[in-house]
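Dumping the structure here so I can ask a few things about it.
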Amino acid sequence: MLEKFKQNFKTSYEVANLIARENKSFSDGEFVKKCILASVKEIIPEKMSVFENISLSRNTITRRVEDIGGDLMTQLQIKSKTFKFFSLALDESTNVSDTAQLLIFIRGIDTDYNITEELASLESIFGTTKGADIFEKVNCYIENLGLIWEKLCSIKAPNMVGRNTGLAGRIAELTISKMIETPIFLHCIIHQQSLCGKIMNLEHVMNIVTKTVNFIRSDGLKHRQFIEFLNEIESEHKDVLYHNQVRWLSRGKVLKRFFGLWWEIQIFMIEKNKPVEEFENEQWMYDLAFLTDISAHLNELNIKLQKQSKTIFELISDVKSFEIKLQLFKNQILKQNFLHFKTCQEIKQNSLIDASTNHFVRMLEQLSIEFENRFQDFKSNMTSFRLIENPFLSDENNVHETVQLELIGLKTNNHLKNLYKDITDKNTDLIHFYKTLTDDFPKIKELSMRIFTIFGSTYSCEQTFSRMNYAKCSERSRLTDEHLHFLLRIGVTHFTPNIERLVKEKQAQISH
């Protein structure tokens with residue numbers, strides 16, 4: 001009887017965990033239960049009675065989600081006490097109730113080089129969202145988790161909210177008053193790249209594209225007629241896409257689809273007495289093709305930067321690689337060579353005039369300058385990054401004086417040099433190399449730990465906000481901030497809920 005009781009509790013917790021991870025509403029519990037019962041009946045019918053007695057009402061699921069969320073928070077609190085160093089990633093957005101939500105992710109490392117990355121907190125801000133307001137939330141969180149400012153290595157955010165009076169300025173002021181090292185402040189590398197892509201002066205192209213797409217899609221009848229027209233002519237594409245300024249990959253996808261359908265769009269627009277005159281302008285078509293191609297290259301970089309678990313070294317390398325590509329593109333286009341601009345090649349093959357290459361080269365130069373300016377905060381720390389990425393190629397004269405002697409000892413150690421080569425040749429995580437270093441290199445080990453905690457981007461925040469918008473939508477606008485926090489924590493955690501312990505606690509409470 002006790003075993004059956006325990007199994008009931010355990011299964012209800014597991015189902016609650018499933019519902020929370022899938023962003024189901026609490027009222028979906030009974031639906032999930034029916035699905036489970038159908039599977040149990042087919043696979044293990046002798047266990048039907050165990051599952052039938054499980055209560056998965058709205059209130060039960062709510063309590064289970066609260067318990068699981070609380071357990072995960074307890075695990076983070078225990079784990080954070082082992083952190084040698086940690087970094088934070090922040091982002092702010094608003095939910096469906098127009099409440100500002102501040103997401104705080106933490107990435108910590110212990111002395112054995114075990115890295116933990118978790119959702120630290122979801123803080124609701126009901127007033128202003130100035131740097132001072134965000135600082136208070138961050139300061140309160142660090143104190144509540146029992147962390148100390150001395151261990152904070154870096155803070156990454158899309159917008160640092162002012163380096164003098166904003167978040168960065170407040171933290172710098174606090175660390176100076178405590179006479180401790182000020183953490184590195186880094187903008188999100190993905191947002192930086194996205195902003196770089198917005199500086200190209202081709203609004204005369206995007207305005208026409210947006211206007212045309214809106215004409216087709218804003219009216220239900222026209223939209224249906226356009227889709228039917230594409231089906232009749234057996235077009236490769238079945239519709240045009242809307243452009244969203246907020247979504248990073250939106251413009252590239254819209255342009256690629258628009259260019260792929262430009263002939264069909266022109267026929268349809270002529271039938272509606274709204275011809276797009278720019279389609280007859282070859283230079284405008286070149287501009288459309290160029291913007292399509294360069295947006296595709298930017299999207300390719302963006303997707304690389306969004307990959308999870310990428311180190312700061314890999315992200316910087318991706319950006320540097322793109323900067324070199326821009327120089328190559330510029331030199332080739334000057335010679336009317338569109339080898340890496342496939343859409344421009346297509347226009348050139350069917351055009352009677354050459355493209356205005358000077359026009360494109362100026363935009364590529366402008367984009368190069370923007371990349372150079374946008375990533376200054378990363379480049380100012382490049383010496384330290386390169387030292388940890390490959391100490392054997394670092395010049396001891398250029399590194400900080402506190403690690404110079406250790407670096408010399410490391411570079412002249414043939415055993416460590418061979419070990420580093422074996423690790424990199426096998427594409428093994430660089431952490432393993434520093435984990436094997438002895439205490440003869442304390443400063444280099446400390447620097448490596450600090451750098452390994454740095455977030456590559458705030459992409460984890462972006463993903464979590466997407467979950468938030470799904471979990472707290474217009475149909476579930478009454479979901480409390482506390483329960484929203486539990487749902488998000490369960491949805492993104494790398495920890496495993498300790499369901500056995502939760503079951504035992506519940507059994508103990510009921511026995512009393």
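Note down the nm distance, to one decimal, between modelled labels 7 Å out along Cα→Cβ at Asp425 and at Asn114.
Result for the modelled spin labels: 3.1 nm.
OK, next. For Glu396, what residues show an amide H to amide H distance below 5 Å, using hydrogens built from the backbone and excluding near sequence neighbours?
none
A further question on this structure: Tell me, what is the per residue accessible area of the stretch 426-512 in Å², probe radius 1.4 Å?
For the stretch 426-512, the solvent-accessible area averages 51 Å² per residue.
Find the accessible area per residue for the stretch 281-395; the probe is 1.4 Å, ligands and nucleic acids are left out, and the unit is Å².
Heavy-atom accessible area per residue stands at 48 Å².
Just the number, please: carbon plus sulfur as a percent of the accessible area of the stretch 354-512, 1.4 Å probe, no ligands or DNA/RNA counted.
C and S atoms contribute 46 percent here.
The values are calculated or read from the model by the stated rules, or taken from the named source; none is laboratory data. Note that the structure is a prediction, hence the values are computed from the model and not measured. Cβ sites come from the backbone with ideal geometry, for glycine too, and all protein chains shown count toward neighbours. Ligands, DNA and RNA are stripped out before the accessible areas are found, and what is left, the full protein with its side chains, is counted by its heavy atoms. Shrake-Rupley method; radii C 1.70, N 1.55, O 1.52, S 1.80 Å.
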